[in-house]
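The values are calculated or read from the model by the stated rules, or taken from the named source; none is laboratory data. Being a predicted model, the structure only gives us computed values, none of them experimental. Don't worry about glycine lacking a Cβ; one is built from the backbone with ideal geometry, like all the others, and counts go over all protein chains shown. For the accessible areas, the whole protein counts, side chains as well, though only heavy atoms, and no ligand, DNA or RNA atoms are used. Shrake-Rupley method; radii C 1.70, N 1.55, O 1.52, S 1.80 Å.
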Amino acid sequence: MSAARLAIYALTAPGAETARRLARAWPHARLFLPWRLARAEQGEQGFKRLADRLAGNFNSYDGHLLFAAAGIVVRALAGLMQSKDIDPAVVVADPAGRYVVSLLAGHLGGANDLAVEAARHLGGQAVITTATDNAGVPSLEMVAAGQGLRVENLKALARISRRLVEAEPVALYDPENWLWPALAGYEEHFIRQEKPSPTEPAVWVDWRAKETHAPWLVLRPACLTAGMGCNRGTSAQEMHGLLERVFAENGLAPGSLLCLATVEAKRDEAGLAELANSLQTNIRFYPAARLDGMDVPHPSPAAAKHIGTKSVCEAAALMAASAEQLLVTKQKSKNATLAVAKLKRPAASS
(Lines give C-alpha, C1' and ligand atoms only; values in the text may rest on other atoms or scores of the structure.)
Protein backbone atom coordinates (compact mmCIF):
# COMPACT_ATOMS: atom_id res chain seq x y z
CA MET A 1 0.00 0.00 0.00
CA SER A 2 2.88 2.41 0.66
CA ALA A 3 3.54 2.55 -3.09
CA ALA A 4 -0.12 3.27 -3.94
CA ARG A 5 -1.95 6.59 -4.13
CA LEU A 6 -2.17 7.56 -0.48
CA ALA A 7 -3.71 10.58 1.26
CA ILE A 8 -2.64 11.45 4.83
CA TYR A 9 -4.65 13.84 7.02
CA ALA A 10 -4.31 15.38 10.47
CA LEU A 11 -6.40 17.81 12.52
CA THR A 12 -4.03 18.99 15.25
CA ALA A 13 -0.47 20.29 15.43
CA PRO A 14 0.85 17.08 17.13
CA GLY A 15 -0.97 14.99 14.56
CA ALA A 16 0.47 17.10 11.76
CA GLU A 17 4.02 16.46 12.97
CA THR A 18 3.39 12.70 13.09
CA ALA A 19 1.80 12.87 9.63
CA ARG A 20 4.88 14.67 8.31
CA ARG A 21 7.11 11.89 9.70
CA LEU A 22 5.07 9.36 7.78
CA ALA A 23 5.01 11.50 4.65
CA ARG A 24 8.81 11.68 4.71
CA ALA A 25 8.93 7.87 4.76
CA TRP A 26 6.37 7.72 1.94
CA PRO A 27 7.30 10.53 -0.47
CA HIS A 28 4.54 9.48 -2.88
CA ALA A 29 1.83 10.31 -0.30
CA ARG A 30 -0.13 13.58 -0.32
CA LEU A 31 -0.51 15.45 2.98
CA PHE A 32 -3.76 17.30 3.81
CA LEU A 33 -3.97 19.60 6.85
CA PRO A 34 -6.18 22.43 8.14
CA TRP A 35 -5.27 25.72 6.51
CA ARG A 36 -3.74 27.01 9.76
CA LEU A 37 -1.27 24.09 9.81
CA ALA A 38 -0.59 23.48 6.11
CA ARG A 39 2.81 24.47 4.73
CA ALA A 40 1.99 25.25 1.12
CA GLU A 41 5.63 25.80 0.24
CA GLN A 42 6.27 22.15 1.11
CA GLY A 43 3.39 20.90 -1.00
CA GLU A 44 0.94 20.37 1.87
CA GLN A 45 -2.69 20.88 0.91
CA GLY A 46 -4.98 22.93 3.16
CA PHE A 47 -8.63 22.30 3.93
CA LYS A 48 -11.42 23.98 5.88
CA ARG A 49 -13.52 20.92 6.80
CA LEU A 50 -12.18 17.39 6.96
CA ALA A 51 -15.48 15.88 5.79
CA ASP A 52 -15.45 17.99 2.62
CA ARG A 53 -11.82 17.21 1.86
CA LEU A 54 -12.27 13.49 2.47
CA ALA A 55 -15.35 13.42 0.24
CA GLY A 56 -13.44 15.15 -2.55
CA ASN A 57 -10.50 12.77 -2.24
CA PHE A 58 -12.32 9.53 -1.47
CA ASN A 59 -12.31 7.83 -4.86
CA SER A 60 -9.10 9.46 -6.09
CA TYR A 61 -6.81 7.59 -3.68
CA ASP A 62 -6.23 3.92 -2.90
CA GLY A 63 -5.86 4.66 0.79
CA HIS A 64 -6.61 7.32 3.40
CA LEU A 65 -4.76 7.54 6.72
CA LEU A 66 -6.18 10.02 9.22
CA PHE A 67 -4.65 11.20 12.47
CA ALA A 68 -8.04 11.92 14.01
CA ALA A 69 -10.62 10.47 16.34
CA ALA A 70 -12.38 7.42 14.91
CA GLY A 71 -15.80 8.96 15.58
CA ILE A 72 -15.00 12.04 13.50
CA VAL A 73 -13.81 9.85 10.63
CA VAL A 74 -16.84 7.54 10.81
CA ARG A 75 -19.18 10.50 10.53
CA ALA A 76 -17.15 11.90 7.63
CA LEU A 77 -17.41 8.56 5.83
CA ALA A 78 -21.21 8.52 5.96
CA GLY A 79 -22.54 8.50 2.41
CA LEU A 80 -19.15 7.76 0.85
CA MET A 81 -18.97 3.99 1.40
CA GLN A 82 -20.28 1.69 -1.33
CA SER A 83 -19.05 -1.89 -0.94
CA LYS A 84 -16.02 -3.75 0.37
CA ASP A 85 -14.77 -4.68 -3.08
CA ILE A 86 -14.46 -1.08 -4.31
CA ASP A 87 -14.04 1.14 -1.23
CA PRO A 88 -10.52 2.47 -0.64
CA ALA A 89 -8.61 1.67 2.53
CA VAL A 90 -9.28 3.92 5.52
CA VAL A 91 -7.03 3.87 8.59
CA VAL A 92 -7.20 6.08 11.68
CA ALA A 93 -4.52 6.79 14.26
CA ASP A 94 -4.07 8.86 17.40
CA PRO A 95 -1.95 12.03 17.00
CA ALA A 96 1.21 10.33 18.29
CA GLY A 97 0.77 7.25 16.10
CA ARG A 98 0.72 4.88 19.08
CA TYR A 99 -2.33 3.02 17.79
CA VAL A 100 -3.09 2.64 14.08
CA VAL A 101 -6.53 1.20 13.41
CA SER A 102 -7.74 -0.46 10.22
CA LEU A 103 -11.22 1.03 9.82
CA LEU A 104 -12.56 0.36 6.32
CA ALA A 105 -11.72 -2.11 3.51
CA GLY A 106 -9.38 -4.12 5.68
CA HIS A 107 -8.78 -6.99 3.27
CA LEU A 108 -9.65 -6.12 -0.32
CA GLY A 109 -8.89 -2.43 0.10
CA GLY A 110 -5.62 -3.07 1.92
CA ALA A 111 -6.38 -1.19 5.14
CA ASN A 112 -4.97 -3.97 7.31
CA ASP A 113 -1.67 -3.88 5.44
CA LEU A 114 -1.63 -0.09 5.53
CA ALA A 115 -2.17 -0.06 9.29
CA VAL A 116 0.64 -2.57 9.84
CA GLU A 117 3.03 -0.65 7.62
CA ALA A 118 2.22 2.72 9.17
CA ALA A 119 2.60 1.33 12.69
CA ARG A 120 5.99 -0.08 11.78
CA HIS A 121 7.23 3.31 10.55
CA LEU A 122 5.82 5.15 13.59
CA GLY A 123 6.81 2.61 16.23
CA GLY A 124 3.16 2.11 17.15
CA GLN A 125 0.72 -0.78 17.36
CA ALA A 126 -1.50 -1.83 14.46
CA VAL A 127 -5.06 -2.65 15.51
CA ILE A 128 -6.73 -5.20 13.24
CA THR A 129 -10.29 -6.23 14.07
CA THR A 130 -11.27 -8.39 11.08
CA ALA A 131 -12.49 -11.73 12.40
CA THR A 132 -10.47 -14.06 10.21
CA ASP A 133 -7.19 -12.34 11.07
CA ASN A 134 -7.85 -12.67 14.79
CA ALA A 135 -9.09 -16.27 14.50
CA GLY A 136 -6.03 -17.42 12.59
CA VAL A 137 -8.02 -18.59 9.56
CA PRO A 138 -7.51 -17.53 5.95
CA SER A 139 -9.14 -14.45 4.48
CA LEU A 140 -10.49 -16.12 1.35
CA GLU A 141 -10.88 -12.93 -0.69
CA MET A 142 -7.20 -12.14 -0.14
CA VAL A 143 -6.01 -15.70 -0.74
CA ALA A 144 -8.11 -15.81 -3.90
CA ALA A 145 -6.70 -12.53 -5.19
CA GLY A 146 -3.18 -13.81 -4.60
CA GLN A 147 -3.96 -16.82 -6.79
CA GLY A 148 -5.44 -14.79 -9.61
CA LEU A 149 -8.99 -15.78 -8.69
CA ARG A 150 -11.92 -13.41 -8.99
CA VAL A 151 -14.81 -13.37 -6.55
CA GLU A 152 -18.05 -13.62 -8.52
CA ASN A 153 -20.52 -13.22 -5.63
CA LEU A 154 -18.99 -11.32 -2.74
CA LYS A 155 -22.21 -11.51 -0.69
CA ALA A 156 -21.57 -15.22 -0.08
CA LEU A 157 -18.25 -14.48 1.62
CA ALA A 158 -19.74 -13.53 5.00
CA ARG A 159 -21.26 -16.96 5.65
CA ILE A 160 -18.06 -18.71 4.58
CA SER A 161 -15.93 -16.52 6.84
CA ARG A 162 -18.29 -17.04 9.76
CA ARG A 163 -18.01 -20.82 9.43
CA LEU A 164 -14.22 -20.61 9.31
CA VAL A 165 -14.09 -18.35 12.37
CA GLU A 166 -16.38 -20.74 14.26
CA ALA A 167 -14.14 -23.69 13.31
CA GLU A 168 -16.76 -25.33 11.10
CA PRO A 169 -15.30 -26.97 7.98
CA VAL A 170 -16.29 -25.60 4.58
CA ALA A 171 -16.88 -27.68 1.45
CA LEU A 172 -14.43 -26.92 -1.37
CA TYR A 173 -14.83 -27.75 -5.06
CA ASP A 174 -11.49 -27.07 -6.75
CA PRO A 175 -10.82 -29.86 -9.28
CA GLU A 176 -7.81 -28.17 -10.88
CA ASN A 177 -6.12 -26.90 -7.71
CA TRP A 178 -6.44 -23.21 -8.46
CA LEU A 179 -6.96 -22.38 -4.77
CA TRP A 180 -5.85 -25.45 -2.82
CA PRO A 181 -2.05 -24.83 -2.89
CA ALA A 182 -2.58 -21.44 -1.22
CA LEU A 183 -4.48 -23.06 1.66
CA ALA A 184 -1.42 -24.90 2.96
CA GLY A 185 -1.62 -24.95 6.75
CA TYR A 186 -5.39 -24.49 6.71
CA GLU A 187 -6.36 -27.83 5.18
CA GLU A 188 -8.35 -28.88 8.25
CA HIS A 189 -10.80 -26.04 7.58
CA PHE A 190 -11.89 -27.43 4.21
CA ILE A 191 -13.48 -30.64 2.95
CA ARG A 192 -12.90 -31.26 -0.74
CA GLN A 193 -16.12 -32.35 -2.44
CA GLU A 194 -17.25 -33.03 -5.98
CA LYS A 195 -20.88 -32.14 -5.22
CA PRO A 196 -21.29 -29.64 -2.37
CA SER A 197 -24.76 -29.30 -0.90
CA PRO A 198 -26.70 -26.56 -2.72
CA THR A 199 -28.08 -25.32 0.60
CA GLU A 200 -24.80 -25.14 2.55
CA PRO A 201 -21.91 -22.66 2.31
CA ALA A 202 -19.15 -23.90 0.02
CA VAL A 203 -16.28 -22.57 -2.06
CA TRP A 204 -16.62 -23.32 -5.77
CA VAL A 205 -13.55 -22.76 -7.97
CA ASP A 206 -13.94 -23.30 -11.70
CA TRP A 207 -13.73 -21.61 -15.09
CA ARG A 208 -16.72 -23.53 -16.38
CA ALA A 209 -20.15 -21.91 -16.27
CA LYS A 210 -21.83 -24.73 -14.39
CA GLU A 211 -24.85 -24.27 -12.14
CA THR A 212 -23.95 -22.71 -8.79
CA HIS A 213 -26.03 -21.87 -5.74
CA ALA A 214 -26.48 -18.80 -3.55
CA PRO A 215 -24.63 -20.15 -0.45
CA TRP A 216 -21.52 -20.90 -2.51
CA LEU A 217 -18.63 -18.49 -2.83
CA VAL A 218 -17.81 -18.71 -6.54
CA LEU A 219 -14.19 -18.04 -7.51
CA ARG A 220 -13.23 -17.73 -11.15
CA PRO A 221 -9.66 -18.41 -12.28
CA ALA A 222 -8.50 -15.76 -14.74
CA CYS A 223 -7.30 -18.36 -17.22
CA LEU A 224 -9.18 -18.04 -20.52
CA THR A 225 -7.54 -16.21 -23.41
CA ALA A 226 -9.73 -14.97 -26.25
CA GLY A 227 -7.94 -14.72 -29.57
CA MET A 228 -9.74 -12.18 -31.75
CA GLY A 229 -9.47 -11.35 -35.43
CA CYS A 230 -11.56 -8.73 -37.19
CA ASN A 231 -12.01 -6.78 -40.37
CA ARG A 232 -11.07 -3.12 -40.35
CA GLY A 233 -13.72 -1.04 -38.58
CA THR A 234 -15.56 -3.92 -36.90
CA SER A 235 -17.69 -2.62 -34.05
CA ALA A 236 -17.10 -3.49 -30.42
CA GLN A 237 -20.75 -4.54 -30.25
CA GLU A 238 -20.31 -7.22 -32.92
CA MET A 239 -17.17 -8.59 -31.26
CA HIS A 240 -18.81 -8.52 -27.83
CA GLY A 241 -21.79 -10.42 -29.19
CA LEU A 242 -19.49 -13.06 -30.69
CA LEU A 243 -17.61 -13.42 -27.41
CA GLU A 244 -20.81 -13.76 -25.38
CA ARG A 245 -22.24 -16.34 -27.78
CA VAL A 246 -19.09 -18.46 -27.86
CA PHE A 247 -18.70 -18.42 -24.07
CA ALA A 248 -22.37 -19.33 -23.56
CA GLU A 249 -22.37 -22.12 -26.14
CA ASN A 250 -19.24 -23.68 -24.69
CA GLY A 251 -20.03 -23.32 -21.00
CA LEU A 252 -17.26 -20.83 -20.25
CA ALA A 253 -17.53 -18.37 -17.36
CA PRO A 254 -17.10 -14.74 -18.50
CA GLY A 255 -15.42 -14.00 -15.16
CA SER A 256 -12.54 -16.28 -16.15
CA LEU A 257 -11.53 -14.18 -19.16
CA LEU A 258 -7.87 -13.29 -18.71
CA CYS A 259 -7.27 -11.20 -21.82
CA LEU A 260 -7.94 -10.59 -25.48
CA ALA A 261 -5.17 -11.44 -27.94
CA THR A 262 -4.59 -10.52 -31.56
CA VAL A 263 -2.02 -9.58 -34.18
CA GLU A 264 0.12 -6.44 -33.91
CA ALA A 265 -1.52 -5.01 -37.04
CA LYS A 266 -4.75 -4.57 -35.05
CA ARG A 267 -3.21 -2.30 -32.41
CA ASP A 268 -5.04 0.75 -33.76
CA GLU A 269 -8.40 -1.01 -34.13
CA ALA A 270 -10.87 1.19 -32.24
CA GLY A 271 -13.49 -1.55 -31.79
CA LEU A 272 -10.99 -3.84 -30.09
CA ALA A 273 -9.90 -1.11 -27.71
CA GLU A 274 -13.53 -0.34 -26.88
CA LEU A 275 -14.24 -4.03 -26.32
CA ALA A 276 -11.30 -4.43 -23.95
CA ASN A 277 -12.37 -1.35 -22.02
CA SER A 278 -15.96 -2.59 -21.65
CA LEU A 279 -14.70 -5.98 -20.43
CA GLN A 280 -12.13 -4.32 -18.12
CA THR A 281 -9.38 -6.48 -19.57
CA ASN A 282 -6.26 -5.93 -21.64
CA ILE A 283 -5.22 -6.85 -25.17
CA ARG A 284 -2.03 -8.72 -25.97
CA PHE A 285 -0.61 -7.95 -29.40
CA TYR A 286 1.75 -10.35 -31.18
CA PRO A 287 3.87 -9.88 -34.32
CA ALA A 288 2.50 -11.67 -37.37
CA ALA A 289 5.73 -13.64 -37.75
CA ARG A 290 5.38 -15.12 -34.26
CA LEU A 291 1.76 -16.06 -34.78
CA ASP A 292 2.60 -17.64 -38.15
CA GLY A 293 4.86 -20.11 -36.37
CA MET A 294 1.99 -21.54 -34.29
CA ASP A 295 0.43 -24.85 -35.21
CA VAL A 296 -3.32 -24.24 -35.55
CA PRO A 297 -6.27 -26.38 -36.70
CA HIS A 298 -7.71 -23.85 -39.15
CA PRO A 299 -4.99 -21.95 -41.08
CA SER A 300 -6.19 -19.26 -43.47
CA PRO A 301 -4.43 -18.54 -46.79
CA ALA A 302 -6.22 -15.19 -46.93
CA ALA A 303 -4.82 -14.15 -43.53
CA ALA A 304 -1.35 -15.28 -44.60
CA LYS A 305 -1.61 -13.15 -47.75
CA HIS A 306 -3.00 -9.97 -46.20
CA ILE A 307 -1.65 -10.00 -42.62
CA GLY A 308 1.47 -12.15 -42.80
CA THR A 309 0.26 -14.98 -40.59
CA LYS A 310 -1.84 -18.02 -41.46
CA SER A 311 -3.83 -17.56 -38.23
CA VAL A 312 -4.85 -14.66 -36.02
CA CYS A 313 -7.49 -15.73 -33.52
CA GLU A 314 -6.38 -19.34 -32.96
CA ALA A 315 -2.67 -18.56 -32.88
CA ALA A 316 -3.13 -15.53 -30.61
CA ALA A 317 -5.30 -17.47 -28.15
CA LEU A 318 -2.73 -20.27 -27.94
CA MET A 319 0.20 -17.89 -27.58
CA ALA A 320 -1.46 -15.83 -24.84
CA ALA A 321 -2.20 -19.01 -22.86
CA SER A 322 1.13 -20.73 -23.60
CA ALA A 323 -1.08 -23.65 -24.60
CA GLU A 324 -0.87 -26.31 -27.29
CA GLN A 325 -4.57 -26.99 -27.73
CA LEU A 326 -7.63 -24.79 -28.01
CA LEU A 327 -10.72 -25.02 -25.86
CA VAL A 328 -12.72 -23.50 -28.70
CA THR A 329 -11.52 -23.45 -32.30
CA LYS A 330 -12.21 -20.57 -34.67
CA GLN A 331 -15.76 -19.23 -34.53
CA LYS A 332 -17.08 -16.48 -36.77
CA SER A 333 -19.47 -13.57 -36.97
CA LYS A 334 -19.87 -11.43 -40.07
CA ASN A 335 -16.65 -9.46 -39.50
CA ALA A 336 -14.84 -11.13 -36.60
CA THR A 337 -13.29 -14.43 -35.59
CA LEU A 338 -12.74 -15.82 -32.10
CA ALA A 339 -10.92 -18.76 -30.52
CA VAL A 340 -10.39 -19.58 -26.84
CA ALA A 341 -7.50 -21.26 -25.01
CA LYS A 342 -6.80 -21.92 -21.33
CA LEU A 343 -3.73 -21.51 -19.15
CA LYS A 344 -2.37 -24.82 -17.92
CA ARG A 345 -2.99 -25.91 -14.34
CA PRO A 346 -1.99 -29.11 -12.52
CA ALA A 347 -4.68 -31.77 -12.26
CA ALA A 348 -6.26 -32.27 -8.84
CA SER A 349 -4.34 -34.44 -6.44
CA SER A 350 -5.93 -37.04 -4.22
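Normalized C-alpha radius of gyration of segment 25-127, against 2.2 N^0.38 Å? Walk me through the numbers before you get to the answer.
Values: Rg = 13.2 Å, N = 103, 2.2 N^0.38 = 12.8 Å.
Normalised Rg, Cα atoms only: 1.03.
Would you mind telling me the share, in percent, of accessible area of the chain contributed by carbon and sulfur at probe 1.4 angstrom?
Numbers: 8480 of 16570 Å².
Carbon and sulfur together cover 51 percent of it.
Convert each backbone phi in segment 188-199 into a coupling constant with the Karplus relation 6.51 cos²θ - 1.76 cosθ + 1.60 (shift: θ = phi - 60°), then list the ³J(HN,Hα) values in order as whole Hz, x for Gly and Pro.
In residue order, the calculated couplings are 5, 8, 10, 10, 6, 9, 7, 9, x, 5, x, 9 Hz.
At a probe size of 1.4 Å, how large is the accessible area of residue 113, to the nearest 10 Å²?
The accessible area of residue 113 comes to roughly 90 Å².
Which trypsin sites (Lys or Arg not before Pro) in segment 44-118 sit in a loop by DSSP (not H, G, I, E or B) and have at most 15 other Cβ atoms within 10 Å of their own Cβ?
Details: sites: 48, 49, 53, 75, 84, 98; in loops: 48, 49, 84, 98.
Filter output for segment 44-118: 48, 49, 98.
Have a look at segment 1-82 and give its Rg and Dmax from the Cα atoms, expressed in angstrom.
Every Cα atom of segment 1-82 included, Rg and Dmax give 11.9, 35 Å.
Let me check something: with ligands and nucleic acids excluded, how do 28, 306 order by accessible area (1.4 Å probe), largest to smallest? The partial results should precede the final answer.
Values: 28 80, 306 140 Å².
In descending accessible area the options line up as 306, 28.
Of all GluC sites (Glu not before Pro) in segment 247-348, which ones are in loop regions per DSSP and have a Cβ with at most 12 other Cβ atoms within 10 Å?
Working: sites: 249, 264, 269, 274, 314, 324; in loops: 269, 324.
Here the sparse-neighbourhood loop sites are 324.
Can you run phi through the Karplus equation (6.51, -1.76, 1.60; θ = phi - 60°) for segment 170-177 and list ³J(HN,Hα) in whole Hz, with x for Gly and Pro?
Each residue's phi maps through the Karplus curve to give 10, 5, 10, 10, 8, x, 10, 6 Hz.
How charged is the neighbourhood of residue 318? Take every other residue with its Cβ under 14 Å from the Cβ of residue 318, and add Lys/Arg as +1 and Asp/Glu as -1. Intermediate results must be reported in sequence, preceding the final value.
On the way: positive: 284, 290, 310, 330, 342, 344; negative: 292, 295, 314, 324.
Computed value for this residue: +2.
With Kirkwood's inverse mean 1/r over C-alpha pairs for Rh, give me the Rg to Rh ratio of the chain, two decimals please.
Details: Rg = 24.6 Å, Rh = 23.1 Å.
Value, to two decimals: 1.07.
Please give the per residue accessible area of the chain, computed with a probe of 1.4 Å over protein heavy atoms only, in Å². All intermediate terms of the calculation are to be shown ahead of the outcome.
Details: 16570 Å² over 350 residues.
Ligands and nucleic acids excluded, the figure is 47 Å² per residue.
Hey, what do the phi angles of segment 285-297 turn into as Karplus ³J(HN,Hα) couplings, whole Hz, using 6.51/-1.76/1.60 and θ = phi - 60°, x for Gly and Pro?
Values, residue by residue: 9, 10, x, 4, 5, 5, 5, 5, x, 7, 7, 10, x Hz.
Taking the square root of 5 times each eigenvalue of the Cα gyration tensor, what semi-axes in Å does the equivalent ellipsoid of segment 156-266 have, largest first? List each step's numbers first, then the result.
Details: eigenvalues 256, 42, 23 Å².
The equivalent ellipsoid of segment 156-266 has semi-axes of 36, 15, 11 Å.
Name the GluC sites (Glu not before Pro) in segment 135-192 that are in a loop by DSSP and that have at most 15 other C-beta atoms within 10 Å, would you? Display every interim value, and only then the final one.
On the way: sites: 141, 152, 166, 176, 187, 188; in loops: 152, 166, 176.
Of the GluC sites (Glu not before Pro), the ones in loops of segment 135-192 whose Cβ has at most 15 other Cβ atoms within 10 Å are 166.
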